[in-house]
Amino acid sequence: MNQKIGDDYSANNSHVDTICDSESIPELPIGNIKLLEERLKRYEDETGQINNTSTLIDRVSYLRKNRENDVSKAIINIEDSMNVDLCIVLDCTGSMSPHIDAAKKHILKVANYVNSNNSNIEFWVGFCGYRDHYNGSNRLQIFDFTNSLEKFQTYITTKVASICNDDDPEDVLGGLNAAITEMTWSNTTRVLIHIGDAPPHGRRFTNIYDKYPDGDPNGLTAECVLKKMQLKNILYYFGKITDDTDVMLNVFREIIGKFLVFDLMTTRDNPEVLVNKFCKATSSAIFSSVTLTTTSRNSKSIYSLQRKKLHINPNEPDWTTLPEKTGKLLYYISPKTLAEVKDAYYFINLNFIEQDISFKLAPQPFSIGAERYAYFALDTSLERSNNLVIKKYHDIKIGTIERYLESLEITNVAYFFSTIFNIAAQQIGVNKKITFINVKILYDKTDNTYYSVEKYINNAKFKKFNVNSGLITEFHPILEAFAHFTYQYTEGYLVVYDLQGVDLDNEFLLTDPAIHCADLLRFGTTNLGKNGIQKCFLAKHKCNDI
């Protein structure tokens with residue numbers, strides 16, 4: 001949408017009904033009609049069925065019905081994604097004895113942890129042990145998926161033992177291939193955790209002594225094995241024990257993109273530490289996989305995201321080598337009442353507050369999520385430069401502002417609820433605050449491009465605490481109480497969720513929340529509608545009013 005900044009956003013203080021409750025569209029200023037048109041156009045693009053000859057009322061009615069169908073599908077997808085196949089692929093040679101012992105002890109601990117945070121997740125667990133070709137009939141050991149964790153633990157405790165070998169590389173590809181092709185993968189979320197301390201056979205992976213320097217004697221290649229894994233929508237994770245597997249990991253990344261690697265270095269003087277590492281890695285893999293399968297449209301988008309992650313640059317650039325750009329910062333005043341929050345046209349009726357800015361932008365993103373890239377940036381407008389984070393949606397048209405407006409609305413609404421929540425929490429002795437990082441829209445005059453922009457938090461470790469589907473990845477009572485509070489305070493109109501950010505001593509500093517709203521045409525693609533909110537959030541959480 002190419003237009004002059006601010007000119008089309010004239011104020012209108014007259015009362016308007018929300019799309020959710022009204023059968024008619026109120027009269028709006030020209031610029032606001034353009035914004036509404038832009039939003040409806042995006043929703044229509046998402047449905048794949050556009051009818052430009054219909055009236056606004058017809059289009060809204062059609063989109064609402066279509067989104068109701070999408071809600072039903074989303075709920076089914078979320079419920080299916082909570083059923084997990086978890087396969088442990090383990091090197092069972094002599095050097096792996098401490099890790100085999102840890103594997104025998106960790107699964108019930110994982111189950112207790114997962115159940116205490118997300119009782120709606122059910123997982124089936126299986127095992128594939130591998131050794132080497134030298135071991136003959138003991139080369140592979142498979143226990144197919146079961147939902148009885150006691151049976152699984154009994155099997156690996158009584159049947160799985162380490163066997164020494166006569167060279168350093170192992171039958172890694174054979175073990176992975178067996179897990180992928182010989183086990184019964186049936187659930188929507190499929191997780192494979194590979195744990196080993198040695199590379200596969202072949203000069204491609206190692207220069208240490210190898211009886212099969214030309215590669216797997218059965219003709220397996222990393223490409224053919226990992227492509228089979230992708231075709232079955234299996235997500236791969238690795239538990240690293242030594243640096244001997246580094247070359248293998250680089251080869252695997254070139255084929256399937258970036259994946260999580262867990263530190264499972266041996267702690268021989270304290271076996272319980274290793275068990276805890278196993279538990280943390282396994283739980284993290286489960287939560288990460290459920291998140292991916294519920295937030296990504298399909299397996300192709302998951303693997304595409306993994307490949308995109310290969311091209312990020314985590315280092316801040318040399319700013320002296322980059323050109324200075326000029327633009328404008330655009331932002332709103334947050335709503336001050338619940339009535340303003342519930343008014344679907346509240347933000348459309350506002351003027352922007354504008355501020356000139358000069359800035360520099362890193363050429364490569366330092367991070368990438370399911371929807372946006374994140375770039376380092378530098379505000380050069382003031383005598384003292386300020387570090388910024390600029391976020392850009394994937395595959396968005398040049399000059400399009402609507403998605404960024406929606407993101408700005410969500411942050412402003414979340415901020416409104418955080419201020420009320422913090423007051424209520426303090427009254428009962430809870431002094432740790434919830435704060436949302438101030439977000440603005442940046443218009444780059446040079447490139448006619450819009451971004452979201454926020455202050456860079458130095459030396460901050462960002463975490464995802466919960467996600468759109470209701471999954472809790474790291475439980476914090478204050479955050480879950482806040483989400484529950486937003487539902488209760490709005491009488492079921494919305495829930496603020498997908499909470500992520502930094503856990504500080506006196507506050508949670510959060511960014512990029514999502515809102516599930518009973519009005520299906522507000523706050524973008526995160527909406528589940530009122531029934532969806534109740535089913536996917538309240539029914540699956542043990543949150544109490546603060």
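The values are calculated or read from the model by the stated rules, or taken from the named source; none is laboratory data. Nothing here was measured: the structure is a model prediction, and the numbers come from that model. For neighbour counting, all protein chains shown are included, and Cβ atoms are generated from backbone atoms with ideal geometry for every residue, glycine included. We work out accessible area using only protein heavy atoms, side chains counted, and drop any ligands, DNA or RNA first. Shrake-Rupley method; radii C 1.70, N 1.55, O 1.52, S 1.80 Å.
Miscellaneous remarks
- Across the range 473-496, a minimum of one residue is classified as within 22 Å of Ile78 (Cβ to Cβ), touching a His at 6+ places or on another chain (Cβ under 7 Å), open to solvent by less than 30 Å² (accessible area, probe 1.4 Å) and of a type in the set (D, E, K, R).
- Scanning the range 341-355 for residues that are within 18 Å of Leu40 (Cβ to Cβ) and polar (S, T, N, Q) yields a single hit, Asn349.
- Residue count, the range 421-457 (criterion: outside any strand (DSSP E or B) and in contact with a Leu (Cβ under 9 Å, 6 or more places away or on another chain)): 4
- Residue match in the range 74-95 (condition: under 24 Å from Phe238 (Cα atoms), open to solvent by 50 Å² or more (accessible area, probe 1.4 Å), part of a helix (DSSP H, G or I) and of a type outside the set (Val, Ile, Thr)): yes
- Top-ranked residue in the range 193-249 [being of a type outside the set (Gly, Ala, Ser), free of Cβ contacts under 8 Å to residues at least 24 places away in the same chain and touching a Lys or Arg at 6+ places or on another chain (Cβ under 8 Å); ranked as nearest to Leu86 (Cα to Cα)]: Leu249
- Residue list for the range 332-367, restricted to those being part of a helix (DSSP H, G or I) and crowded, with 20+ Cβ neighbours inside 10 Å: Val341, Lys342
- Failed item, numbered, when Ile88 is tested on (1) modelled with pLDDT of 75 or more; (2) more than 30 Å from Phe127 (Cα to Cα): (2)
- Hey, Val225 touching a helix residue (DSSP H, G or I) at 6+ places or on another chain (Cβ under 7 Å) and either at pLDDT 95 or above or over 28 Å from Ala285 (Cα atoms) (or both) or not: yes
- Cβ-Cβ contacts under 7 Å between residues 6 or more apart (or on different chains), taken from a first residue in the range 482-497 that is in contact (Cβ under 8 Å) with a residue 12 or more places away in the chain to a second residue that is among the small types (Gly, Ala, Ser) and part of a strand (DSSP E or B), are listed as Tyr497/Ala514.
- Of all the listed residues (Asn459, Asn438, Asn431), the sole one being closer than 17 Å to Leu504 by Cβ and free of Cβ contacts under 8 Å to residues at least 12 places away in the same chain is Asn459.
- Scope the range 230-245; condition of a type outside the set (Val, Ile, Thr) and either more than 21 Å from Arg139 (Cβ to Cβ) or touching a strand residue (DSSP E or B) at 6+ places or on another chain (Cβ under 6 Å) (or both); matching residues: Gln230, Leu231, Lys232, Asn233, Leu235, Tyr236, Tyr237, Phe238, Gly239, Lys240, Asp243
Residue-wise test of (1) at pLDDT 95 or above; (2) closer than 30 Å to Asp379 by Cβ; (3) in contact with a Phe, Trp or Tyr (Cβ under 7 Å, 6 or more places away or on another chain).
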| residue | (1), (2), (3) |
| --- | --- |
| Thr245 | yes, no, no |
| Met248 | yes, no, yes |
| Arg268 | no, no, no |
| Thr294 | no, no, no |
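- Filtered residue count, the range 497-512, keeping only those that are buried (at least 19 other Cβ atoms within 10 Å of the Cβ) and either at pLDDT 95 or above or not in a loop (DSSP other than H, G, I, E, B) (or both): 7
- Note on the range 310-330: residues that are out of contact with any helix residue (DSSP H, G or I) (no Cβ under 9 Å at 6 or more places or on another chain) and open to solvent by less than 80 Å² (accessible area, probe 1.4 Å) amount to 10.
- Check on Asp144, assigned to a helix (DSSP H, G or I), free of Cβ contacts under 8 Å to residues at least 60 places away in the same chain, open to solvent by 40 Å² or more (accessible area, probe 1.4 Å) and acidic (Asp, Glu): no
- Checked against the criterion of being open to solvent by less than 30 Å² (accessible area, probe 1.4 Å) and within 22 Å of Ala374 (Cβ to Cβ), the candidates Thr294, Thr282 yield just one match: Thr294.
- When the range 163-214 is filtered for residues that are open to solvent by 20 Å² or more (accessible area, probe 1.4 Å), farther than 23 Å from Cys279 by Cα and touching a Ser or Thr at 6+ places or on another chain (Cβ under 6 Å), only Asn165 remains.
- Of all residues in the range 115-134 being buried (at least 22 other Cβ atoms within 10 Å of the Cβ) and within 22 Å of the chain's Cα centre (by Cα), the one that is nearest to Asn466 (Cα to Cα): Asn118
- Selected residue (only one of Ala370, Ala460 is of a type in the set (A, V, I, L, M, F, W, C), open to solvent by 40 Å² or more (accessible area, probe 1.4 Å) and in a loop (DSSP other than H, G, I, E, B)): Ala370
- The single condition from (1) at pLDDT 70 or above; (2) of a type outside the set (A, V, I, L, M); (3) open to solvent by 50 Å² or more (accessible area, probe 1.4 Å) that Asn13 fails is (1).
- Some residue of the range 100-119 being assigned to a strand (DSSP E or B) and modelled with pLDDT of 90 or more: no
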